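A.B. asks: Have a look at this one before I ask anything.
Any read-out appearing in this document is the output of simple, stated calculations on the displayed coordinates, not a laboratory observation. Here the structure is a predicted model, which is why all the values come from computation and not from measurement. Cβ placement follows ideal geometry from the backbone for every residue including glycine, while neighbour counts extend to all protein chains displayed.
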Amino acid sequence: MSTSCLPPTPSPALPHADSPRLGNLGLAVLLSGGFITIFDLFVVNVAIPSMQATLSASFAQINFIIAAYELAYGVLLIAGSRLGDRHGRRRLFMLGMAGFALASALCGLAPTPDTLIAARILQGAAAALLFPQVYALIRVSFEGHARRRAFGLLGM
């Protein structure tokens, strides 16, 4: 039996690797993207009375309006992370932000509870593309104390 004394070879870089540095403005953009995806989990609860009145939504429809976002977000989160690794984190971050903005506009314009449910599913899917890129871009863009600070700000 023989063993090799050669040092391990470094693994190849991921395809579409992102640039390793972001400034404070880049961090602010990432943090705002992370904030809106989490904020949207809870903000709909404030609008429940007006949704019931304006859309004539039943109790079951209100529950599904709330759950639709969470369901799409939770189911697609790991796929969103993998897509970012494969196709570029910045690209998926921007796609997720654009999709989230479009889905939010659809939510605001929804004339019926069913339309709002569909828009919330799209919003959750866009958030699932967006949020993993926030973590990944912070991880690859900052080191040491700056990384700990960035993750601390994200957790606030």
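A.B. asks: Anyone know which of Leu77, Leu22, Leu31 comes out most mobile in the 10 Å Cα GNM of the chain?
C.D. replies: Highest fluctuation among the options: Leu22.
A.B. asks: Identify, among Ala47, Phe64, Tyr135, the residue whose Cα sits farthest towards the positive end of the charge dipole of the chain, taking +1 on the Cβ of Lys and Arg and -1 on the Cβ of Asp and Glu, with the dipole about the Cα centre.
C.D. replies: About the Cα centre, the residue reaching furthest to the positive side is Tyr135.
A.B. asks: With all pairs of different alpha carbon atoms counted, what Kirkwood hydrodynamic radius in Å does the range 91-156 show? Intermediate results must be reported in sequence, preceding the final value.
C.D. replies: On the way: mean 1/r = 0.0763 Å⁻¹.
One over the average 1/r among Cα pairs gives 13.1 Å for the range 91-156.
A.B. asks: Also, quick follow-up: When the convex hull of the C-alpha atoms of the range 24-155 is computed, what volume per residue in Å³ does it have?
C.D. replies: Numbers: hull volume 12.7 nm³, N = 132.
Each residue corresponds to 96 Å³ of Cα convex hull volume.
A.B. asks: Which one, Gly74, Gly108, Gly88, has the greatest fluctuation when you compute a Gaussian network model over the chain with C-alpha springs under 10 angstrom?
C.D. replies: Gly108
A.B. asks: Which of the peptides 92-98, 66-72 is most tightly packed, and how do the rest follow, judged by the mean count of other Cβ atoms within 10 Å per residue?
C.D. replies: Values: 92-98: 20.1, 66-72: 18.1.
Put in order of decreasing packing, that is 92-98, 66-72.
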